[in-house]
């Protein structure tokens, strides 16, 4: 738990500097428990993501975290409490597919790379050239996947306003 501009929140963050911010069994459990804490304490939820995706060397245990976090968020959503997701560079893979883009409000930093699979993987699989900037926050915003683009220096104030409006 923490506080943003006088609003008590449940907060989780994934740090790319630690194993690429990947979601394995421990990270998935901690995210799910943070969501459950937000539900039990009737708090807004804020999750900041910087991730390369699922921690593949954990195998199926890592992939199970997509379902675990999604189920926790589904239950939280039933409570009609706000969930704000902040996407930083990069946010990819299972994190994007499960909880990072399932928020009421999705905020991304300028230039953040956001997607499921990397551009090269997609191009090699589809044998098609992708649009320029396909996986940038700006492209995602233009196509309805991101609600706002906010520079990190302005993020605190933006979160305060959003929490004030949504709480």
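The values are calculated or read from the model by the stated rules, or taken from the named source; none is laboratory data. Here the structure is a predicted model, which is why all the values come from computation and not from measurement. Here Cβ is always computed from backbone atoms with ideal geometry, including for glycine, and neighbour counts include all displayed protein chains.
When you scan the range 66-88, how many residues do you find that are within 16 Å of residue 20 (Cα to Cα) and without any contact (Cβ under 8 Å) to a residue 60 or more places away in the chain?
Taking the range 66-88 first, the residues within 16 Å of residue 20 (Cα to Cα) are 87-88.
Narrowing further to those that are without any contact (Cβ under 8 Å) to a residue 60 or more places away in the chain: 87.
Counting residues in the range 66-88 that are within 16 Å of residue 20 (Cα to Cα) and without any contact (Cβ under 8 Å) to a residue 60 or more places away in the chain gives 1.
Among (1) under 18 Å from residue 47 (Cα atoms); (2) touching a helix residue (DSSP H, G or I) at 6+ places or on another chain (Cβ under 6 Å), where does residue 158 come up short?
Looking at each condition in turn, residue 158 falls short on (2).
Would you please name the residue that is surrounded by the fewest Cβ atoms within 10 Å (Cβ to Cβ), looking only at residues in the range 136-167 that are assigned to a loop (DSSP other than H, G, I, E, B) and at pLDDT 95 or above?
Across the range 136-167, the extreme among qualifying residues is 144.
Can you tell me which residue among 105, 150 is over 12 Å from the mean Cα position of the chain (by Cα) and farther than 16 Å from residue 21 by Cβ?
On inspection, the qualifying residue turns out to be 150.
Among the residues of the range 71-119, write down those that are surrounded by fewer than 16 Cβ atoms within 10 Å (Cβ to Cβ) and within 14 Å of residue 31 (Cβ to Cβ).
Scanning the range 71-119 gives 71, 74, 75.
Here are some residues: 10, 54. Which one is without any contact (Cβ under 8 Å) to a residue 60 or more places away in the chain, under 13 Å from residue 99 (Cα atoms), touching a strand residue (DSSP E or B) at 6+ places or on another chain (Cβ under 6 Å) and buried (at least 20 other Cβ atoms within 10 Å of the Cβ)?
54
Picking from 93, 164, 157, 133, which residue would you name as being over 29 Å from residue 8 (Cα atoms) and touching a residue at least 24 places away in the same chain (Cβ under 8 Å)?
Going through 93, 164, 157, 133 in turn, the sole match is 93.
Which one of 72, 102, 117 is within 23 Å of residue 42 (Cβ to Cβ), touching a helix residue (DSSP H, G or I) at 6+ places or on another chain (Cβ under 9 Å) and assigned to a loop (DSSP other than H, G, I, E, B)?
Working: 72 fails: assigned to a loop (DSSP other than H, G, I, E, B); 117 fails: within 23 Å of residue 42 (Cβ to Cβ).
Sole residue among the options that is within 23 Å of residue 42 (Cβ to Cβ), touching a helix residue (DSSP H, G or I) at 6+ places or on another chain (Cβ under 9 Å) and assigned to a loop (DSSP other than H, G, I, E, B): 102.
Count, please, the residues in the range 79-99 that happen to be under 16 Å from residue 137 (Cα atoms) and not in a strand (DSSP E or B).
Selection size over the range 79-99: 5.
Would a scan of the range 25-41 turn up a residue that is farther than 28 Å from residue 163 by Cβ and at pLDDT below 95?
Scanning the range 25-41, I find no residue that is farther than 28 Å from residue 163 by Cβ and at pLDDT below 95, so the answer is no.
How many residues, within the range 19-68, are closer than 20 Å to residue 105 by Cβ, assigned to a helix (DSSP H, G or I) and in contact with a helix residue (DSSP H, G or I) (Cβ under 9 Å, 6 or more places away or on another chain)?
5
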